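Taking it in order: structure first as structure tokens, then the write-up.
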Amino acid sequence: MTTATLDQANTCKILTGGNWTDSKATRFGEVTNSSTGETIARVPLCGADEADRVIRTAHEAFESWSETPAPERARYMFKYLENLRGAQDELARLMSREHGKTFGESQASIQRGIEMVEYACGLPALLMGETIENIARGVDSETQRHPLGVCVGITPFNFPAMVPLWMFPIALVCGNTFVLKPSEKVPLSGMRVVELLQDAGLPPGVISLLHGDKECVDAMLNHPLVRAISFVGSTPIAEYIYRTGTAAGKRVQSAGGAKNHIFIMPDAILDRTIEALVGSAFGCAGERCMAGPLALPVGDVADEVVERLTEAAAKLKTGPTDRESNATMGPLISKEHQKSVLGYIDKGEAEGAKLTLDGRKVSVPEAPGGYYVGPTVFDAVKPNMTIAQEEVFGPVLAVVRIKSLEEGIRLTQESPYGNGAVIYTQSGRAAREFKRRAGAGMIGINVGVPAPMAWFPFTGWSRSFFGDLHIQAKEGMLFYTQQKMTMSRWFKSTDGTLGSWGI
Ligand code: NAD
């Protein structure tokens with residue numbers, strides 16, 4: 001972390017008008033090292049007045065930025081790429097400390113974010129309009145894409161760099177100015193990602209950063225100068241953001257929570273499948289909206305799947321990620337979240353599911369105070385149990401044994417969520433049927449975490465997404481621009497003679 005973004009008491013600053021400045025907030029939150037529970041910084045919880053000032057400054061920057069040619073805007077992204085790549089290790093270490101991902105997981109998530117910037121570098125090609133010459137006699141018609149104005153991004157704790165990078169590189173190259181409000185649980189990584197962009201020489205006010213909770217978010221949602229809102233977080237808040245933002249006349253794309261199904265067909269190659277299931281359920285300690293917390297073996301492969309899954313999950317090493325360690329799974333984000341995940345394990349047991357691996361007993365003596373829950377596997381889970389229905393967002397894998405793929409497809413269609421659904425099989429026919437009919441927007445065929453790369457949209461369905469145009473890729477560009485259609489007709493001179501140019 002550089003000193004520009006923190007004051008001497010380690011209080012996070014806000015970014016406005018190109019300067020990192022002290023917030024005027026009177027309320028503060030604590031940022032902790034998830035591996036130890038120690039406080040590492042204070043985050044101001046900005047009020048409505050501060051949000052208003054920052055948004056107005058972003059609005060002032062809009063005119064000149066939107067007049068900057070698109071290739072020039074994209075050129076800042078080339079420089080930003082260099083900055084991100086140069087700081088990738090440092091940023092990953094910061095994220096691992098603040099959030100609790102392993103170093104490798106932090107690295108991988110930053111890489112995904114870097115790919116978003118790569119995508120934004122080529123965005124001017126996508127901004128081209130369309131034209132039909134002579135659509136009526138003597139009339140030409142064309143479309144052009146225009147930026148909207150001030151766009152805002154409100155992001156969750158679980159991907160502190162990647163999710164902001166889903167948003168502002170595209171929004172900025174489209175010609176908008178952008179105000180980011182990172183999760184108040186992981187503001188340091190968000191600030192560093194924005195600082196590296198500011199270091200690319202971006203004009204003042206083009207990118208801004210606010211900190212806060214509901215008060216700040218509400219001010220952003222209702223601000224008359226905000227034109228579009230990108231949100232990623234839990235489903236209840238995603239729905240609230242969508243309803244509030246659209247009622248205030250804004251464009252909104254709002255991605256929510258998930259509960260993704262992973263099917264294992266009897267013909268799946270089990271060695272690879274078990275490895276992928278463990279990665280999908282326990283990677284990032286289960287704190288991923290594309291995680292696979294529900295494993296559904298089809299038919300008589302179930303006994304072997306449960307046995308091998310339990311054995312493989314037991315080999316994971318839960319431990320601190322704020323230092324060199326042999327941990328393959330880190331802590332959760334906070335004490336409250338740890339309590340919530342432990343509560344779900346208690347509930348699974350109480351509702352009659354069978355624990356084959358109990359993460360409540362994990363011990364991490366080298367980092368007491370961290371928010372650890374060990375890998376947990378439940379067998380004999382019924383589809384109506386709480387652990388099969390609700391998003392636990394922790395290292396808890398529920399195995400639901402089913403008789404047929406048809407039964408499984410129905411479960412995906414009936415699920416309130418619709419982010420991901422995955423099938424492990426060698427049968428092209430089963431895979432095709434699944435791809436066509438599963439009730440989710442992102443399908444994995446022998447791919448455990450089918451989170452799209454930058455070139456494809458993040459197509460959540462049902463209560464995993466509220467809005468029309470998804471985040472990332474071409475849909476992102478469509479979201480951050482508005483079209484203008486022009487019809488033109490050029491008359492001959494009124495006296496019927498040829499003009500002075502001979503036409
Ligand atoms: P969250 O909903 O608690 O917070 C997300 C953001 O909303 C934060 O910036 C927070 O400050 C703000 N916020 C929280 N409560 C608010 C309120 N009452 N009013 C206004 N704003 C509020 O989510 P989280 O716990 O930070 O993140 C985890 C969730 O995000 C999980 O549900 C996960 O599935 C989801 N997620 C979804 C995707 C996706 O693409 N669908 C990606 C990543 C995470």
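The values are calculated or read from the model by the stated rules, or taken from the named source; none is laboratory data. Since the structure is predicted, the reported quantities are computational estimates derived from the model, not experimental observations. Reconstructed Cβ throughout: ideal geometry from the backbone, glycine too, with neighbour counts over all protein chains shown.
Among all positions in region 283-295, there is at least one residue which is away from the ligand (no atom under 16 Å from the Cβ) and surrounded by 23 or more Cβ atoms within 10 Å (Cβ to Cβ). Scanning region 73-101 for residues that are touching a Cys at 6+ places or on another chain (Cβ under 8 Å) and within 25 Å of Ala41 (Cβ to Cβ) returns a single hit, Lys101. Keeping to region 128-152, report how many residues are under 24 Å from Glu50 (Cα atoms) and surrounded by fewer than 24 Cβ atoms within 10 Å (Cβ to Cβ). Qualifying residue count, region 128-152: 2. In the set Met477, Met485, only one residue is outside any loop (DSSP other than H, G, I, E, B), at pLDDT 95 or above, surrounded by 19 or more Cβ atoms within 10 Å (Cβ to Cβ) and at negative phi; that residue is Met477. Just give me the residues in region 419-437 being in contact (Cβ under 8 Å) with a residue 60 or more places away in the chain and closer than 24 Å to His470 by Cα, in sequence order. Answer for region 419-437, where residues must be in contact (Cβ under 8 Å) with a residue 60 or more places away in the chain and closer than 24 Å to His470 by Cα: Asn419, Gly420, Ala421, Val422, Ile423, Phe434. Please work out if Gly104 is surrounded by fewer than 18 Cβ atoms within 10 Å (Cβ to Cβ), farther than 24 Å from Ala258 by Cα and not assigned by TED's automatic domain parsing to the domain that holds Gly286. Against the criterion (surrounded by fewer than 18 Cβ atoms within 10 Å (Cβ to Cβ), farther than 24 Å from Ala258 by Cα and not assigned by TED's automatic domain parsing to the domain that holds Gly286), Gly104 does not qualify.
Taken together, Ala312, Ala367, Ala302 contain a single residue that is surrounded by 15 or more Cβ atoms within 10 Å (Cβ to Cβ), over 28 Å from Gly460 (Cα atoms) and in contact with a Pro (Cβ under 6 Å, 6 or more places away or on another chain), which is Ala367. Among the residues of region 295-314, those identified as closer than 9 Å to Ile402 by Cα and assigned to a strand (DSSP E or B) are Leu296, Pro297, Val298. Strands (runs of 3 or more DSSP E) fully within region 162-257 that include at least 1 residues being away from the ligand (no atom under 16 Å from the Cβ) and among the charged types (D, E, K, R): 226-232, 251-255. When Pro368 is tested against the conditions (1) at pLDDT below 95; (2) touching a Lys or Arg at 6+ places or on another chain (Cβ under 8 Å), the lone failure is (2).
Here Trp20 passes the criteria (1) within 23 Å of the chain's Cα centre (by Cα); (2) under 30 Å from Arg323 (Cα atoms) except the one numbered (1).
Among the candidates Glu63, Glu30, single out the residue that is under 30 Å from Met329 (Cβ atoms), in the same structural domain as Arg227 (by TED's automatic domain parsing) and of a type in the set (Asp, Glu). Quick ask: steps written out before the conclusion?
Details: Glu63 fails: under 30 Å from Met329 (Cβ atoms).
Result of the check over Glu63, Glu30: Glu30.
Restricting Glu307, Glu275, Glu311, Glu336 to those that are assigned by TED's automatic domain parsing to the domain that holds Gln426, within 16 Å of the ligand (Cβ to nearest atom), acidic (Asp, Glu) and out of contact with any Ser or Thr (no Cβ under 7 Å at 6 or more places or on another chain) reduces the list to Glu336.
Could we say that Thr235 is under 14 Å from Gly448 (Cα atoms), in contact (Cβ under 8 Å) with a residue 60 or more places away in the chain and polar (S, T, N, Q) here?
Numbers: under 14 Å from Gly448 (Cα atoms): no; in contact (Cβ under 8 Å) with a residue 60 or more places away in the chain: yes; polar (S, T, N, Q): yes.
Against the criterion (under 14 Å from Gly448 (Cα atoms), in contact (Cβ under 8 Å) with a residue 60 or more places away in the chain and polar (S, T, N, Q)), Thr235 does not qualify.
Region 1-86 holds strands (runs of 3 or more DSSP E) entirely within its bounds, and those carrying 1 or more residues that are without any contact (Cβ under 8 Å) to a residue 12 or more places away in the chain, closer than 30 Å to Thr318 by Cβ and in contact with an Asp or Glu (Cβ under 8 Å, 6 or more places away or on another chain) map to 39-44.
Taking Ser230 as the residue in question, decide whether it is polar (S, T, N, Q), touching a Pro at 6+ places or on another chain (Cβ under 7 Å) and either modelled with pLDDT under 95 or under 30 Å from Gly444 (Cα atoms) (or both). Even if it seems obvious, please write down each step before you answer.
Numbers: polar (S, T, N, Q): yes; touching a Pro at 6+ places or on another chain (Cβ under 7 Å): no; either modelled with pLDDT under 95 or under 30 Å from Gly444 (Cα atoms) (or both): yes.
Here the answer is no, as Ser230 does not meet what is asked.
Take Thr155 and decide whether it is surrounded by 24 or more Cβ atoms within 10 Å (Cβ to Cβ), more than 14 Å from the chain's Cα centre (by Cα) and within 26 Å of Glu115 (Cβ to Cβ). No.
Determine, yes or no, whether Met487 is touching a residue at least 60 places away in the same chain (Cβ under 8 Å) and in contact with a helix residue (DSSP H, G or I) (Cβ under 6 Å, 6 or more places away or on another chain). Walk me through how you get there before you give the answer.
Values: touching a residue at least 60 places away in the same chain (Cβ under 8 Å): yes; in contact with a helix residue (DSSP H, G or I) (Cβ under 6 Å, 6 or more places away or on another chain): no.
So Met487 fails the test.
When restricted to residues that are closer than 22 Å to Ser96 by Cα and within 16 Å of the ligand (Cβ to nearest atom), region 340-392 contains 5. Residues in region 90-147 that are more than 30 Å from Met329 (Cα to Cα) and β-branched (Val, Ile, Thr): Thr131, Ile132, Ile135, Val139, Thr143.
Might you let me know whether region 324-332 holds any residue that is outside the structural domain of Ser189 (by TED's automatic domain parsing), away from the ligand (no atom under 16 Å from the Cβ), surrounded by fewer than 22 Cβ atoms within 10 Å (Cβ to Cβ) and not in a loop (DSSP other than H, G, I, E, B)? No, every residue in region 324-332 fails to be outside the structural domain of Ser189 (by TED's automatic domain parsing), away from the ligand (no atom under 16 Å from the Cβ), surrounded by fewer than 22 Cβ atoms within 10 Å (Cβ to Cβ) and not in a loop (DSSP other than H, G, I, E, B). Taking Ile14 as the residue in question, decide whether it is touching a Ser or Thr at 6+ places or on another chain (Cβ under 7 Å) and under 30 Å from Tyr372 (Cα atoms). So Ile14 does not fit the description; no.
For region 101-160, the candidate set comprises residues that are in a strand (DSSP E or B), among the acidic types (Asp, Glu) and in contact (Cβ under 8 Å) with a residue 40 or more places away in the chain; within that set, the residue that is farthest from the ligand (Cβ to nearest atom) is Asp140.
Give the residues of region 213-239 that are over 20 Å from Phe458 (Cα atoms) and not aliphatic (A, V, I, L, M), sorted by residue number. Steps first, please.
Step one: filter region 213-239 for residues over 20 Å from Phe458 (Cα atoms), giving 213-227.
Those that are over 20 Å from Phe458 (Cα atoms) and not aliphatic (A, V, I, L, M): Asp213, Lys214, Glu215, Cys216, Asp218, Asn222, His223, Pro224, Arg227.
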